[in-house]
1. What order do you get for Leu27, Leu52 when you list them from fewest to most C-beta neighbours inside 10 Å?
2. What is the angle, in °, between the Cα long axis of helix 58-68 and the longest principal axis of the Cα atoms in the chain? Nearest 10 is fine, range 0 to 90.
3. Just to compare against my own numbers: the Cα pair-distance distribution for the range 2-77, 10 Å bins, whole % per bin, please.
4. Kindly provide the helix-only [θ] at 222 nm of the chain, computed as the sum of -39,500 (n - 2.57) over DSSP H runs of four or more divided by all residues, to the nearest 500 deg cm²/dmol?
5. Please sort 4-11, 61-68, 74-81 by packing, taking for each peptide the average over its residues of neighbouring beta carbons within 10 angstrom, highest first.
6. Going by C-beta contacts inside 10 Å, put Lys45, Lys25 in order with the fewest on the left.
7. So how much slack lies between Ile80 and Gln12, counting 0.36 nm per residue of separation and subtracting their Cα-Cα distance, in nm?
8. Could you let me know the centre-to-centre spacing of the range 1-24 and the range 55-83, using Cα atoms, in angstrom?
Amino acid sequence: MAKFMDVHHGMQGVTPEQLRAEHKKDLEIEATEGVHFIKAWADPKSGKVFCLAEGPNAEAVRRVHARAGHPTDEIYEVPIEVE
């Protein structure tokens, strides 16, 4: 499955609890689109949230976020990974 990194804007002041709650919304419906959200990160100062997901395509990831109530502003396929 392909991996995708998406970016949300406008979430200034987001707390760890709020990020966890929003991530949970994705997890609850991700299977309906064949997507799996792996991890989320946030920068409360800039208001940016970053999510890493696996899925069949960017549109499936986009649909899950939209249905969960926090549409993504940007989404990128990330085909190269190193550790």
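1. The order, fewest Cβ neighbours first, is Leu27, Leu52.
2. With both axes taken from Cα atoms, the answer is about 40 degrees.
3. Values per bin, smallest distances first: 22, 59, 19, 1.
4. My calculation for the chain gives -9500 deg cm²/dmol from helical runs alone.
5. Listed from highest to lowest mean packing, they are 61-68, 4-11, 74-81.
6. Arranged by neighbour count, lowest to highest, Lys45, Lys25 become Lys45, Lys25.
7. Extra length available between Ile80 and Gln12 comes to 21.5 nm.
8. Result: 11 Å between the Cα centres.
All of the numbers you see were taken from the coordinates with simple rules; none came from a lab. On a predicted model such as this, the values are computed, not experimentally measured, just so you know. Ideal geometry is used to build each Cβ from the backbone, glycine not excepted, and the neighbour counts take in all protein chains shown.
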